[in-house]
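Chemist: Take this structure, written in structure tokens, and hold onto it; I'll ask about it next.
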Amino acid sequence: MIDVNSIDWNAAWKKPEGDEGKKLGFISCGRRWSDANRCRRFNEAMKEDNWAGSRARIAAMDIHTDSRILDIGAGPGTLSIPLAAIASHVTAVEPSEQMRECLCENIEIGKLSNVNVVPKKWEDVDIKKDLTSPYDIVVASYSLGFPDLKEGLLKMAAASSKYVYIFWFADMMSPWQKNYDDIWEKLYGLPRPAGKKPNIIFNLLHQMGIYAHVEISKEESIHRFASFEEAVADQKEGLHLTTLEQEKVLMEYLQTKLKIEDGRFVLREMTHRAKIWWNVNE
């Protein structure tokens, strides 16, 4: 039996330098969000029904009208924009230029004066120079793209005067792996990695002496595309496919999975999500 306490969970999180091109079904956060069209589609998806998909996460945090919030990896304002309507201040850290364009547009549209944007990767942020910390709440929602997880978590805790919240996939498995289980071997010539990965985030926090709370929920993710071709291009990029044979397999599969709703091609998926949080004072 493996002693989980003997595992270096931070090392388990890290990806070897240059390994992105070798990992099946994976592209980095930086590469994923450097595409302007992808960012625009994501922005529109998040804004549907007045940010309805974000409000469940917001309701799951201890937020008050006088709360000061730090949103790491804010994207187009998935949390920051609706948060700004109920909190006193939001600082949004977002490294992607394309995402920041959407974020700043959404701030302008909402006429929000209580949001400021920090255009940096979290690992490059200087808490004293770039932020007005501490914040009542520090949150990272599906945005743990920084290479050294331990360093990133310590910085999150240092910027908070009360709570740190992390929203992540409950079983640590890439949604791409789960969504394309049926054709994984056809795509890559290898079976999909079997079994669920350990929850590296929770185990690392425990190893750091942080005894976090965990709450699991089941959510539906909805991806909408203007055309079948747009869906194929988006999923091809996300799966990091490189050959015409792989693209053909993907196209045949998407023909069975995509549904047409209100004139758009829709891909739905169910995933288990985790809310991990702790009070830095406890």
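The values are calculated or read from the model by the stated rules, or taken from the named source; none is laboratory data. Everything numeric here is computed off the predicted structure, so don't read it as measured data. All Cβ positions, even for glycine, are placed from backbone atoms using ideal geometry, and neighbour counts span all protein chains on display.
Chemist: Are there any pairs with C-beta distances below 8 angstrom linking a residue in the range 30-57 that is within 17 Å of E105 (Cα to Cα) to a residue that is of a type in the set (V, I, T) and surrounded by 17 or more Cβ atoms within 10 Å (Cβ to Cβ), with the two at least 6 apart or on different chains, and if so which?
Modeler: The qualifying pairs are M46/T78; W51/T78; W51/I81.
Chemist: Select from the range 167-186 the residues that are modelled with pLDDT of 90 or more and either farther than 21 Å from M270 by Cβ or assigned to a loop (DSSP other than H, G, I, E, B) (or both) and list them in ascending order.
Modeler: Scanning the range 167-186 gives E185, K186.
Chemist: Give the range 45-72 a look and list any residue that's under 23 Å from F169 (Cβ atoms) and in a strand (DSSP E or B), or say none.
Modeler: Once the filter is applied, which keeps residues that are under 23 Å from F169 (Cβ atoms) and in a strand (DSSP E or B), the range 45-72 yields I69, L70, D71, I72.
Chemist: Moving on. I need a count of the residues in the range 208-224 that are touching a Leu at 6+ places or on another chain (Cβ under 6 Å) and under 14 Å from W277 (Cα atoms).
Modeler: 1
Chemist: Residues of the range 236-257 being part of a loop (DSSP other than H, G, I, E, B) and either in contact (Cβ under 8 Å) with a residue 60 or more places away in the chain or within 25 Å of the chain's Cα centre (by Cα) (or both), which ones?
Modeler: Answer for the range 236-257, where residues must be part of a loop (DSSP other than H, G, I, E, B) and either in contact (Cβ under 8 Å) with a residue 60 or more places away in the chain or within 25 Å of the chain's Cα centre (by Cα) (or both): H240, L241, T242.
Chemist: Among the residues of the range 218-235, which ones are part of a strand (DSSP E or B) and either modelled with pLDDT of 90 or more or not small (G, A, S) (or both)?
Modeler: Residues satisfying the conditions are K218, E219, E220, I222, H223, R224, F225.
Chemist: Still on this model: Out of the residues in the range 269-282 that are among the charged types (D, E, K, R) and out of contact with any Asp or Glu (no Cβ under 6 Å at 6 or more places or on another chain), state the one that is farthest from E44 (Cα to Cα).
Modeler: E282
Chemist: Only one of (1) touching a residue at least 40 places away in the same chain (Cβ under 8 Å); (2) farther than 30 Å from K162 by Cα is not met by K218, so which one is it?
Modeler: Result: K218 fails condition (2) only.
Chemist: Looking at (1) modelled with pLDDT of 90 or more; (2) surrounded by fewer than 16 Cβ atoms within 10 Å (Cβ to Cβ); (3) not small (G, A, S), can you tell me which one K196 breaks?
Modeler: (1)
Chemist: Taking the residues in the range 121-166 that are among the aliphatic types (A, V, I, L, M) and assigned to a loop (DSSP other than H, G, I, E, B) as candidates, determine which candidate is farthest from the chain's Cα centre (by Cα).
Modeler: First, the residues of the range 121-166 that are among the aliphatic types (A, V, I, L, M): 125, 127, 131, 137-140, 144, 149, 153-154, 156-159, 164, 166.
From the residues that got through so far, the ones that are assigned to a loop (DSSP other than H, G, I, E, B) too are 125, 131, 144, 159.
On the way: V125: 18, L131: 22, L144: 7, A159: 20 Å.
In this case the residue turns out to be L131.
Chemist: L154 is checked against (1) under 20 Å from A12 (Cα atoms); (2) surrounded by 14 or more Cβ atoms within 10 Å (Cβ to Cβ) and fails just one. What number does that condition carry?
Modeler: Every condition holds for L154 apart from (2).
Chemist: Just name the residue that is farthest from L241 (Cα to Cα) out of those in the range 199-216 that are modelled with pLDDT of 90 or more and of a type in the set (S, T, N, Q).
Modeler: Step by step, filter the range 199-216, then rank; the result is Q207.
Chemist: Return yes or no: is R273 out of contact with any helix residue (DSSP H, G or I) (no Cβ under 8 Å at 6 or more places or on another chain), surrounded by 15 or more Cβ atoms within 10 Å (Cβ to Cβ) and more than 30 Å from A159 (Cβ to Cβ)?
Modeler: When the stated conditions are applied, R273 does not pass them.
Chemist: Is it true that T91 is in contact (Cβ under 8 Å) with a residue 12 or more places away in the chain, hydroxyl-bearing (S, T, Y), crowded, with 22+ Cβ neighbours inside 10 Å and part of a strand (DSSP E or B)?
Modeler: Judged against the criteria, T91 is a match.
Chemist: Only residues that are in a loop (DSSP other than H, G, I, E, B) and surrounded by 14 or more Cβ atoms within 10 Å (Cβ to Cβ): list them for the range 101-118, please.
Modeler: G110, L112, N114
Chemist: Report, by residue number, each residue of the range 238-249 that is surrounded by fewer than 15 Cβ atoms within 10 Å (Cβ to Cβ) and of a type in the set (D, E).
Modeler: Residue satisfying the conditions is E245 alone.
Chemist: Kindly establish whether L144 is under 18 Å from R40 (Cα atoms), of a type in the set (A, V, I, L, M) and surrounded by 16 or more Cβ atoms within 10 Å (Cβ to Cβ).
Modeler: Taking the combined requirement at face value, the residue does not satisfy it.
Chemist: Continuing with the same structure: Do we have E123 as among the charged types (D, E, K, R), over 24 Å from K275 (Cβ atoms) and surrounded by fewer than 20 Cβ atoms within 10 Å (Cβ to Cβ) here?
Modeler: No: the conditions fail for E123.
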